[in-house]
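Okay, structure first, notes after.
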Amino acid sequence: MARTALVTGGSRGIGAAISKALKAEGYNVAATYAGNDEAAAAFTAETGIKTYKWNVADYDESVAGIAKVEAEVGPVDVVVANAGITRDAPFHKMTPQQWHEVIDTNLTGVFNTVHPVWNGMRERKFGRVIVISSINGQKGQFAQVNYAATKAGDLGIVKSLAQEGARAGITANAICPGYIATEMVMAVPEKVRESIIGQIPAGRLGEPEEIARCVAFLASDDAGFINGSTISANGGQFFV
Ligand code: CAA
């Protein structure tokens, strides 16, 4: 029977490529989105992938949303915590609101997404937790104290979950994309973006599909012995 995959932030950017790649691999896919109804409807029309609207920063909304997905699509076997936001500012200008919005969505959002599916995975003795971290969680980034903290936190989450889930057939891994050609990166001022591309040995931004293929591999049975790992996909920009 086909497995079910849940992808948060799965209707746009890297998440949309992940949803499509998993569907192409034969998974029943549910994609969540936070606010852009139009983009979500267009995504469903284009791909046939069901979309669900909730705020990953809210635990109760996540529990209710995931219950709906499990009733309509199936018990979640693969969870991809991908939803994320930026509120970039140099630290001396960063407001508590910018700090909390990013922490609540990017870090607490991972807890809120994985916690409601964890016991089901334990009971069924199979699970794949894949968290989309970032190069900037590995190396830090000017104007991203908040974002880098969450993306470094993702690595702690998967390393801990890997130890807790291993005996129950669950793996937890992170992917650290470098700079990928999405709206998030295109929102960086052009001059800054050009200078970033200059620091990428590949000489280009990555494509969302290049991250999606990493997810499809980590979700597969072939990746069953990979647990607590971090896959860097950044064109050679940074080595751990
Ligand atoms: N390194 C060093 N200095 C930098 C810098 C950098 N990467 N980026 C900006 N600066 C400097 C500027 O040159 C400028 O210096 P001067 O004052 O001497 O001219 C100063 O910092 C900027 O000061 P401002 O007061 O003008 O800053 P601002 O309040 O307008 O903020 C900014 C501008 C938000 C920092 C903007 O430059 C920016 O968005 N930078 C990009 C940050 C970034 O790379 N974010 C990653 C987004 S993509 C992503 O997050 C996806 C992923 O996972 C990879």
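The values are calculated or read from the model by the stated rules, or taken from the named source; none is laboratory data. None of the values given here were measured: they were computed from a predicted structure. For neighbour counting, all protein chains shown are included, and Cβ atoms are generated from backbone atoms with ideal geometry for every residue, glycine included. Quick note on the areas: whole protein, heavy atoms, side chains included, nothing else; ligands and nucleic acids left out. Shrake-Rupley method; radii C 1.70, N 1.55, O 1.52, S 1.80 Å.
Say R0 is 35 Å: what FRET efficiency, to the nearest 0.05, do Asn119 and Asp222 get from their beta-carbon distance?
On the way: r = 26 Å, r/R0 = 0.73.
Once the sixth-power term is evaluated, E becomes 0.85.
Express the accessible area of region 126-240 per residue in Å², computed with a 1.4 Å probe while the remaining protein chains stay in the model.
That works out to 46 Å² per residue.
Test of understanding: given the chain, find the longest segment containing no chymotrypsin sites (Phe, Trp or Tyr not before Pro) that are in a DSSP loop and have at most 11 other Cβ atoms within 10 Å.
1-141
Could you give the nm distance between label points at Thr44 and Glu61, where each point is 7 Å from its Cα heading toward the beta carbon?
Going by the 7 Å Cα→Cβ label model, 1.7 nm.
What 222 nm value per residue comes from the helices of the chain, counting each DSSP H run with n ≥ 4 as -39,500 (n - 2.57) and dividing by all residues, nearest 500 deg cm²/dmol?
Mean residue ellipticity, 222 nm, calculated: -14000 deg cm²/dmol.
What pairs in Lys68/Lys139; Lys50/Lys139; Lys50/Lys125; Lys159/Lys191 have C-alpha atoms more than 29 Å from each other?
Going by Cα-Cα distance, Lys68/Lys139; Lys50/Lys139; Lys159/Lys191 fall outside the 29 Å limit.
Using the crude model of +1 on Lys and Arg Cβ and -1 on Asp and Glu Cβ, and no other charge, please compute the dipole size for the chain relative to its Cα centre, in debye to 20.
Magnitude of the dipole: close to 440 debye.
Could you tell me which residue out of Ser232, Ala83, Asn55 lies farthest along the dipole of the chain toward its positive end? Charges go on the beta carbon: Lys and Arg +1, Asp and Glu -1, centred on the Cα centre.
The Cα lying farthest towards the positive end belongs to Ser232.
At 10 °C and 1.306 mPa s, what whole-number value in µm²/s does Stokes-Einstein give for the translational diffusion of region 88-211, with Rh from the Kirkwood sum over Cα pairs?
Approximately 100 µm²/s, per Stokes-Einstein.
Using Cα pairs closer than 8 Å and at least 6 residues apart in sequence, work out the relative contact order for region 30-125, in percent. All intermediate terms of the calculation are to be shown ahead of the outcome.
Working: 94 pairs, mean separation 27.9, N = 96.
With pairs under 8 Å counted, the relative contact order is 29 percent.
In vacuo Debye scattering of the chain, one point per C-alpha: log10 I(q)/I(0) at q = 0.13, 0.15, 0.16 Å⁻¹?
The Cα Debye sum returns log10 ratios of -0.74, -1.00, -1.15.
Just want to confirm a number: the relative contact order over the chain, from Cα pairs under 8 angstrom separated by 6+ residues, in percent.
Working: 484 pairs, mean separation 46.4, N = 240.
Relative CO of the chain lands at 19 percent.
If you add up the charges near Ala24, with Lys and Arg at +1 and Asp and Glu at -1, over every other residue whose beta carbon is less than 11 angstrom from its beta carbon, what do you get? The partial results should precede the final answer.
Numbers: positive: Lys20, Lys23, Arg213; negative: Glu25, Glu209.
After counting each charged neighbour, the total is +1.
In whole Å, what is the distance between the alpha-carbon centres of region 147-161 and region 173-240?
Taking the Cα centre of each part, region 147-161 and region 173-240 sit 16 Å apart.
If Lys and Arg each add +1 and Asp and Glu each add -1, what is the summed charge of the other residues whose beta carbon sits under 11 Å from the beta carbon of Gly48?
Net of charged neighbours comes to +2.
Keeping the other protein chains in place, figure out the carbon and sulfur percent of the accessible area of the chain, with a 1.4 Å probe.
54
Under the definition of Cα pairs under 8 Å and six or more residues apart, what whole-number percent is the relative contact order of region 65-196?
Numbers: 188 pairs, mean separation 35.3, N = 132.
Once divided by the residue count of region 65-196, the mean separation gives 27 percent.
Compute the angle between helix 208-219 and the longest alpha-carbon principal axis of the chain, please, reported from 0 to 90 degrees and rounded to the nearest 10.
Roughly 40 degrees, rounded to the nearest 10.
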